[in-house]
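The values are calculated or read from the model by the stated rules, or taken from the named source; none is laboratory data. In this text, all values refer to a predicted model and were calculated from it rather than measured experimentally. In this analysis, Cβ positions are derived from the backbone assuming ideal geometry, glycine residues included, and neighbour counts consider all displayed protein chains.
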Amino acid sequence: MKTLVVFPNMELLYAASTLGGEVAALVFSQKEAEAVSGKAHKILVAEVDPRLPDAAAEAVAKAAAGYDLVLMPSTKNAKTVGGLAAQKLGVELLVDVLSMRAEGGVLTAERYVFGNKAVAAVQVPLPAVATVAPGRFQGEPPAVQSAVEKLALAPTSRLKIAAVEEKSRGAVRLEEAEIIVSVGRGFKKKEDLQMAFELAKVLGGQVGCSRPIAADLKWLPEEHWVGLSGKKVKPKLYLAVGISGQPQHIAGILDSRIIAAINNDPSAPIFQNADYGVVEDLYKIVPILINKISKLKGG
Amino acid sequence: MKIAVLIKTALDTGQLRVRDAVVVEETPLKISDIDRNAVEEAVKLKGQDKAYGVTVLKWGPLQKKVQEAENVLREALAMGLDEAYLVADEKLLNASHLATAKAIAAVVKKVGADLVLAGEATVDNYTGQIPARVAAELGWPVITYARELKVEGGRVVARRDLEDHVEVVEAPLPAVVSVTREINQPRIPTLLAIRAAMKKPINRLTLADLGIGVETKISAAYKPLVIQRKKVVIKDGTPEEKAEKLIQHLRQEGVI
């Protein structure tokens, strides 16, 4: 087994090592090469701007020669690079892989499909490309001797990046939050969200939201958005307040340990997807919860 | 500008038929939601030229699903596309994205489009790889995850929405662009438009018609994901009592 890791991080290098055999890393700068030194048998350095998917894919397609599997992270840019490279190489690409094994020239991998309502077990012939879902391969890649090589290529891109705008990044790291209080259309105006922030504060958690709050009403920046096209979260407690529970939202919270929900509509679908549901007007119960929990924590 | 819009006749994940496995054959098809945004963008940009819907049927059985797929395409035609191409072939009824992209690229060449628009991902499989693959197959540049799009002087300029930042990216035409839901508000067709769509052509093609062959060695099995939630619903008592009960449960679970 020979695996090439592109955009390497420790999780990917570990995932590659679980397949056995040789692990190589493709990086796009000297600095990245240093970061993975001692974690891959071979480090290939391509002097390419990795933000340009066509140029990066050219490097991947060239570097992939002789490898059984190309592994990448499940970022939007990496998936784009993966799609381009896979088509050039004439191979299949599996994205957001949860688990995988390689045997007898076949890669068997699992991934969520159908709005995260099913798991697909997919078998593709090697060579293949795969992107790995975050948080699924936790471990240290073994220490090895690394040989560094330059990948000779004259990259061409027809894309031009005219500007880059950073998204406002507050202290919100929902993917890492242990407790999330999430808000939806049950809140009648923007100022009322303050209640949710207070509840999150007394719980030591962060505030998430459903699609309408971030995308339509724009009451909160997109970094708070939980769901299929927002963040996928895995807190120990997800408390959905005034969220009806559309499938796209549920798809983002599947990995939560406990889901609790507050909604005044007893037929809201969120109750079918929650461990504990409270049928109540959030405007009545949230202040009580803030009060009780702060007392609990205080004494 | 001639535009090809990729339309997935996707499994309706809200109506999955489930026994031991997901019964794909019995699950109805619908338009992949984000493709409506791609159709809307195409209708806005096409000007005097035509905009074509392009679909590769991925879910069988062929005869049954072809009819459903045509109904899905009528929706896109009612939104303003001029004509649709439906590639229906037994050899494409599988999980191979490599084969799908080859078929799509062949149709794009056939209609002579200058721009391919697609949704950022499809609602059933949600891989988002087809736009990039089609671009690679055609040898065109690709811009993925566009939340704004302009076409000027033979170039596309898009705001590409990534995890931590937005890039303003330019590419020369012909090009492939995948769009997010934020790019526009898809129109709801009028009754008149729905009637007119009944007369618009839907051209059915096989791989042989396109002059290509595909060999696929891929298999996929779909198991329903059963997540056992406790579904304890607290609905009796005063708000005070309900709050107390919720806190008790959460403390017993050790999460607060």
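Determine whether the stretch B:171-185 contains at least one residue that is exposed (fewer than 13 other Cβ atoms within 10 Å of the Cβ) and touching a Pro at 6+ places or on another chain (Cβ under 6 Å). It would help to see each step written out before you state the result.
To start, the set of residues in the stretch B:171-185 that are exposed (fewer than 13 other Cβ atoms within 10 Å of the Cβ) comprises B:185.
Now restrict to residues that are touching a Pro at 6+ places or on another chain (Cβ under 6 Å): none.
Scanning the stretch B:171-185, I find no residue that is exposed (fewer than 13 other Cβ atoms within 10 Å of the Cβ) and touching a Pro at 6+ places or on another chain (Cβ under 6 Å), so the answer is no.
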**Fill in**
Note on B:Gly14: of the conditions (1) in contact with a strand residue (DSSP E or B) (Cβ under 8 Å, 6 or more places away or on another chain); (2) closer than 18 Å to B:Val123 by Cβ, unmet is (1)
**Asked** Within the stretch B:21-33, restricting attention to residues that are in contact (Cβ under 8 Å) with a residue 60 or more places away in the chain and over 26 Å from B:Leu77 (Cβ atoms), which residue is surrounded by the most Cβ atoms within 10 Å (Cβ to Cβ)?
**Response** B:Val22
**Asked** Got a number for residues in the stretch A:237-255 being closer than 17 Å to B:Leu246 by Cβ and touching a residue at least 60 places away in the same chain (Cβ under 8 Å)?
**Response** 3
**Request:** Scan the stretch A:249-299 residue by residue and report those that are more than 7 Å from chain B (Cβ to nearest Cβ), of a type in the set (A, V, I, L, M), within 28 Å of the chain's Cα centre (by Cα) and over 18 Å from B:Gly237 (Cα atoms).
**Result:** A:Ile250, A:Ala251, A:Ile253, A:Ala268, A:Ile270
**Message:** Going by what's in this entry, would B:Leu92 be described as touching a residue at least 40 places away in the same chain (Cβ under 8 Å) and touching an Asp or Glu at 6+ places or on another chain (Cβ under 6 Å)?
**Reply:** no
**Message:** For the stretch A:49-74, give me the residue count where each residue is surrounded by fewer than 22 Cβ atoms within 10 Å (Cβ to Cβ), in contact with a helix residue (DSSP H, G or I) (Cβ under 8 Å, 6 or more places away or on another chain) and assigned to a loop (DSSP other than H, G, I, E, B).
**Reply:** 3
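Would you confirm, using the coordinates I've provided, whether A:Asp255 is assigned to a loop (DSSP other than H, G, I, E, B) and at pLDDT 95 or above? Please lay out each step first, then the result.
Values: assigned to a loop (DSSP other than H, G, I, E, B): yes; at pLDDT 95 or above: no.
Against the criterion (assigned to a loop (DSSP other than H, G, I, E, B) and at pLDDT 95 or above), A:Asp255 does not qualify.
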**Prompt:** Taking the stretch B:44-96 as the search range and keeping residues that are in contact with a Phe, Trp or Tyr (Cβ under 8 Å, 6 or more places away or on another chain) and among the hydrophobic types (A, V, I, L, M, F, W, C), which one is nearest to B:Ala113 (Cα to Cα)?
**Reply:** B:Val54
**Item:** Scan of the stretch B:219-235 for residues that are under 13 Å from A:Ile285 (Cα atoms) and either exposed (fewer than 13 other Cβ atoms within 10 Å of the Cβ) or of a type in the set (S, T, N, Q) (or both), ordered by number
**Value:** B:Lys235
**Request:** Output the residues belonging to the stretch B:220-255 that are among the aliphatic types (A, V, I, L, M) and either more than 7 Å from chain A (Cβ to nearest Cβ) or farther than 16 Å from A:Ile288 by Cα (or both).
**Result:** B:Ala220, B:Ala221, B:Leu225, B:Val226, B:Ile227, B:Val232, B:Val233, B:Val255
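Here is a yes/no grid of residues against (1) touching a Lys or Arg at 6+ places or on another chain (Cβ under 7 Å); (2) away from chain A (no Cβ under 11 Å); (3) at pLDDT below 95:
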{"position": "B:Glu137", "(1), (2), (3)": "yes, no, no"}
{"position": "B:Glu148", "(1), (2), (3)": "yes, yes, no"}
{"position": "B:Val157", "(1), (2), (3)": "yes, no, no"}
{"position": "B:Val169", "(1), (2), (3)": "yes, no, no"}
{"position": "B:Arg204", "(1), (2), (3)": "no, yes, no"}
**Request:** Take B:Val142 and decide whether it is touching a Lys or Arg at 6+ places or on another chain (Cβ under 8 Å), farther than 16 Å from B:Val39 by Cα and either at pLDDT below 95 or not acidic (Asp, Glu) (or both).
**Result:** no
**Asked** If you go through the stretch A:84-124 one residue at a time, how many are touching a residue at least 12 places away in the same chain (Cβ under 8 Å), out of contact with any strand residue (DSSP E or B) (no Cβ under 6 Å at 6 or more places or on another chain), within 30 Å of A:Leu153 (Cα to Cα) and at the interface with another protein chain (Cβ under 7 Å from one of its Cβ atoms)?
**Response** 2
**Request:** Looking only at the stretch A:214-225, count how many residues are of a type outside the set (D, E, K, R) and part of a helix (DSSP H, G or I).
**Result:** 3
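Here are some residues: A:Gly90, A:Gly105, A:Gly66. Which one is at pLDDT 95 or above, more than 18 Å from the chain's Cα centre (by Cα) and either over 26 Å from B:Ala135 (Cα atoms) or basic (Lys, Arg) (or both)? Can you show your working first?
Details: A:Gly90 fails: either over 26 Å from B:Ala135 (Cα atoms) or basic (Lys, Arg) (or both); A:Gly66 fails: either over 26 Å from B:Ala135 (Cα atoms) or basic (Lys, Arg) (or both).
Just a single option satisfies the conditions, and that option is A:Gly105.
Of everything in the stretch B:94-135, what is of a type in the set (S, T, N, Q) and within 7 Å of chain A (Cβ to nearest Cβ)? Give them in sequence order. Full working, then the answer.
Step one: list which residues in the stretch B:94-135 are of a type in the set (S, T, N, Q), which gives B:94, B:96, B:100, B:122, B:125, B:127, B:129.
Once the filter is applied, which keeps residues that are of a type in the set (S, T, N, Q) and within 7 Å of chain A (Cβ to nearest Cβ), the stretch B:94-135 yields B:Ser96, B:Asn125, B:Thr127, B:Gln129.
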**Prompt:** Can you name the residue in the stretch A:189-236 that is touching a residue at least 60 places away in the same chain (Cβ under 8 Å) and away from every other protein chain (no Cβ under 14 Å) and is also farthest from A:Pro287 (Cα to Cα) among such residues?
**Reply:** A:Asp192
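Take the conditions charged (D, E, K, R), within 11 Å of another protein chain (Cβ to nearest Cβ) and touching a helix residue (DSSP H, G or I) at 6+ places or on another chain (Cβ under 7 Å) and apply them to A:Arg185. Does it pass? Steps first, please.
Details: charged (D, E, K, R): yes; within 11 Å of another protein chain (Cβ to nearest Cβ): no; touching a helix residue (DSSP H, G or I) at 6+ places or on another chain (Cβ under 7 Å): yes.
No: the conditions fail for A:Arg185.
Would you confirm whether any residue within the stretch B:96-108 is aliphatic (A, V, I, L, M), without any contact (Cβ under 8 Å) to a residue 60 or more places away in the chain and either surrounded by fewer than 18 Cβ atoms within 10 Å (Cβ to Cβ) or part of a helix (DSSP H, G or I) (or both)? It would help to see each step written out before you state the result.
Going through the stretch B:96-108, the residues aliphatic (A, V, I, L, M) turn out to be B:98-99, B:101, B:103-108.
This time we only want the ones that are without any contact (Cβ under 8 Å) to a residue 60 or more places away in the chain, so: B:101, B:105.
When the remaining residues are screened for being either surrounded by fewer than 18 Cβ atoms within 10 Å (Cβ to Cβ) or part of a helix (DSSP H, G or I) (or both), the result is B:101, B:105.
Within the stretch B:96-108 (the criterion being aliphatic (A, V, I, L, M), without any contact (Cβ under 8 Å) to a residue 60 or more places away in the chain and either surrounded by fewer than 18 Cβ atoms within 10 Å (Cβ to Cβ) or part of a helix (DSSP H, G or I) (or both)), the answer is yes, since at least one residue qualifies.
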**Asked** Looking at the stretch A:2-48, which of its residues are closer than 14 Å to A:Thr131 by Cα and in a loop (DSSP other than H, G, I, E, B)?
**Response** A:Phe7, A:Pro8, A:Asn9
